[in-house]
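The values are calculated or read from the model by the stated rules, or taken from the named source; none is laboratory data. Not measured: the values here are computed from a predicted model. Every residue, glycine as well, gets a Cβ built from its backbone with ideal geometry; the counts of neighbours run over all protein chains shown. Note: areas computed on protein heavy atoms with side chains; ligands, DNA, RNA excluded. Shrake-Rupley method; radii C 1.70, N 1.55, O 1.52, S 1.80 Å.
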Amino acid sequence: TEMDFANMQIGKYHNLIARSNLYIKSVEFDIESKKGFNPVKLEINPDAAGDTLTLEKVRGVKTTEKERQTYIVLDSLAKEANFDKWLEVFTILSTGKIPIGFISLPIERLTNFNQQEGFRLGLGAETNSRFSRVVTLGGYFAYGFRDKEWKWGGNLGLTFDQKKQIKLDLTYKDDLFERGGVNYQKDEFDLIGRSLYRNFFINRLDRERNAGVSLSGLVTPNFRLRFIGNYRRINLTDDYAYVPFFNGPATSTDFDLAETGVIITWNIREQIMMLGDRRVSLGSKFPKINLIAVKGLDNLFEASYDYYRFKLDIEQNFTIRGFGKLTLYSRNGLSLGSIPLSLRHIMYGTGKNWNLIVPNTFETMQPAEFYSDAQSSFFLRFTFLPLKNKTTWTEPLFSVHSAAGIGMMSDRNAHLNYNFKVPEKGYFESGLIIDNIFKSGFSGFGGGVFYRYGPYSFENPVDNLVYKISITYNL
């Protein structure tokens, strides 16, 4: 393959040409049935860059003197432009971890913000592959300046197969969790994704001491199973009380939970590339499905609640050539049993406290405004192609947004001293977003307006309007 970059210039060099040769050898057929599946589409050895002897051998042809000089020039230009430093920064942004020798510092542990803790400062550390590719040790502590309380936790991980991600994790933490949230798994770090902003809106958290164990791994290249078990001691942080009329024990201060469950992640036809020890998704045109099923066990130690909890998320992206991108997201939850509000399902509202746009949330709904036993939400966002122009400071990107949700609760009157609604009649909103009105470097700023309508709209139409700021990262 030969690519001619006629308009590209690096330093004083221009009219660049890139050549690539591909050699296929040692072919084996029906290898999956012989050796099992390989979840990796492309793998790059962690030491590949420094192994010049092997590189020379597998190239198929010897390096010419002109090519050697080309490498020398590119290396010198890279040093002059400090490409290694930029690569290190990009690695930190993509993994969320700052490597320092054989340990790494997770960025998410350094600082955060929510309405209950205020600014949360802390520090976390964990061993990385320089220490061991099998054993991972980690821990963290944090302090909330609004609630004036310390939180901490630690973990031990054992990786038995790097490619198939077969891993055993032991965790313990004394920390907060969102009331009505489902946080049995750690989301992938995404510093440039705007879903991170939802933490700013969370205003109802309870305290827990949680000891857990999990065993996870890939069953097929894009189908992951994770089996979990934990014991949790919950401490309510306000005057909320659960007083059921018939079944289930009442609670007003604290209670214990024993849980076991399974988490299924299915990224249909997703392909993976291994860059050293880091898994990088090559994308997929098919849906991403995440299912969490948990069983609460009563009469185990001091656990007193018997219940089931389910959460199903489905996401699908469509690229429509010549028009733009359509994103569909469905969030669903179900709880069975007489249980406190901590184990029900909250609807993700981001319409108060911070005027920031957060995808896959209700942009006009107040945080913790709605709870349900069973709920379903649907989010649609279509982003048109950017409006090209000759300026570098603006590139408007228009999007339309619509969302709807519905839910129900069987024992609303059993939840005391806490004001919330149940979206039995259906919640609806729509809006318009303009990203990248102003561009500066890798970031963009814009805005959006959203309107709340339907049975839960306000009497005054002006009160249904919510104006928000859009912050994007263009990498």
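Residues being assigned to a loop (DSSP other than H, G, I, E, B), of a type in the set (A, V, I, L, M) and either at pLDDT 95 or above or open to solvent by 40 Å² or more (accessible area, probe 1.4 Å) (or both): count how many of those fall in the range 278-328. I'd like the intermediate steps shown before the answer.
The first filter runs over the range 278-328 and keeps only residues assigned to a loop (DSSP other than H, G, I, E, B), leaving 282-287, 297-306, 321-323.
Now drop any that are not of a type in the set (A, V, I, L, M), which leaves 282, 297, 300, 303.
With the extra rule that they be either at pLDDT 95 or above or open to solvent by 40 Å² or more (accessible area, probe 1.4 Å) (or both), the set shrinks to 282, 297, 300.
Of the residues in the range 278-328, 3 are assigned to a loop (DSSP other than H, G, I, E, B), of a type in the set (A, V, I, L, M) and either at pLDDT 95 or above or open to solvent by 40 Å² or more (accessible area, probe 1.4 Å) (or both).
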Q: Search the range 203-233 for residues being modelled with pLDDT of 95 or more and among the β-branched types (V, I, T), and hand back the single one that is surrounded by the most Cβ atoms within 10 Å (Cβ to Cβ).
A: I228
Q | Failed condition for L170, given (1) part of a strand (DSSP E or B); (2) farther than 30 Å from L334 by Cβ; (3) open to solvent by 60 Å² or more (accessible area, probe 1.4 Å); (4) not β-branched (V, I, T) | A | (2)
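Restricting attention to the range 439-455, which residues are of a type in the set (F, W, Y) and modelled with pLDDT under 85?
Within the range 439-455, the subset of a type in the set (F, W, Y) is 442, 445, 450-451, 453.
Result: F442, single match.
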Q) Only one residue in G283, G322, G333 is over 30 Å from L416 (Cα atoms) and touching a residue at least 40 places away in the same chain (Cβ under 8 Å). Which one? A) G322
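Is it true that some residue in the range 459-474 is in contact with a helix residue (DSSP H, G or I) (Cβ under 6 Å, 6 or more places away or on another chain), open to solvent by 70 Å² or more (accessible area, probe 1.4 Å) and farther than 20 Å from L380 by Cα? Write out each step before concluding.
At the first step, the residues of the range 459-474 found to be in contact with a helix residue (DSSP H, G or I) (Cβ under 6 Å, 6 or more places away or on another chain) are none.
The answer is no; no qualifying residue exists.
I'd like the residue in the range 345-381 that is among the hydroxyl-bearing types (S, T, Y) and within 20 Å of Q115 (Cβ to Cβ) and, out of all such residues, is most open to solvent (accessible area, probe 1.4 Å).
Our first condition is that a residue be among the hydroxyl-bearing types (S, T, Y); within the range 345-381, this holds for 348, 350, 361, 364, 371-372, 376-377.
Among the residues that remain, those that are also within 20 Å of Q115 (Cβ to Cβ) are: 348, 350, 361, 364, 371.
On the way: Y348: 36, T350: 0, T361: 3, T364: 8, Y371: 0 Å².
So the residue we want is Y348.
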Q: For the range 252-274, state whether one or more residues are buried (at least 19 other Cβ atoms within 10 Å of the Cβ), hydroxyl-bearing (S, T, Y) and in a loop (DSSP other than H, G, I, E, B).
A: no
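With respect to K390, is the statement that it is within 21 Å of S330 (Cβ to Cβ) and open to solvent by 80 Å² or more (accessible area, probe 1.4 Å) true?
Values: within 21 Å of S330 (Cβ to Cβ): no; open to solvent by 80 Å² or more (accessible area, probe 1.4 Å): yes.
Considered against the rule, which asks whether it is within 21 Å of S330 (Cβ to Cβ) and open to solvent by 80 Å² or more (accessible area, probe 1.4 Å), K390 comes out as no.
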Q) Given the residues I31, I98, I107, which is the only one that is surrounded by 11 or more Cβ atoms within 10 Å (Cβ to Cβ), among the hydrophobic types (A, V, I, L, M, F, W, C) and modelled with pLDDT under 75? A) I31
Q: From (1) at pLDDT 95 or above; (2) in a strand (DSSP E or B), pick out the condition that doesn't hold for P423.
A: (2)
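Can you pull out every residue in the range 1-23 that is open to solvent by 100 Å² or more (accessible area, probe 1.4 Å) and either modelled with pLDDT under 75 or not hydroxyl-bearing (S, T, Y) (or both)?
So the first thing to find is which residues in the range 1-23 are open to solvent by 100 Å² or more (accessible area, probe 1.4 Å), and the list is 1-2, 4, 7, 9, 12, 14, 19, 21-23.
Scanning the range 1-23 gives E2, D4, N7, Q9, K12, H14, R19, N21, L22.
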Q: Can you run down the residue pairs with Cβ atoms below 8 Å, 6 or more apart or on separate chains, where the first is in the range 137-157 and touching a residue at least 12 places away in the same chain (Cβ under 8 Å) and the partner is open to solvent by less than 30 Å² (accessible area, probe 1.4 Å) and basic (K, R)?
A: F141/K151; A142/K151; Y143/K151; G144/K151
(Q) Could you go through the range 334-344 and let me know if any residue there is under 14 Å from F378 (Cα atoms) and either crowded, with 17+ Cβ neighbours inside 10 Å or not β-branched (V, I, T) (or both). (A) no
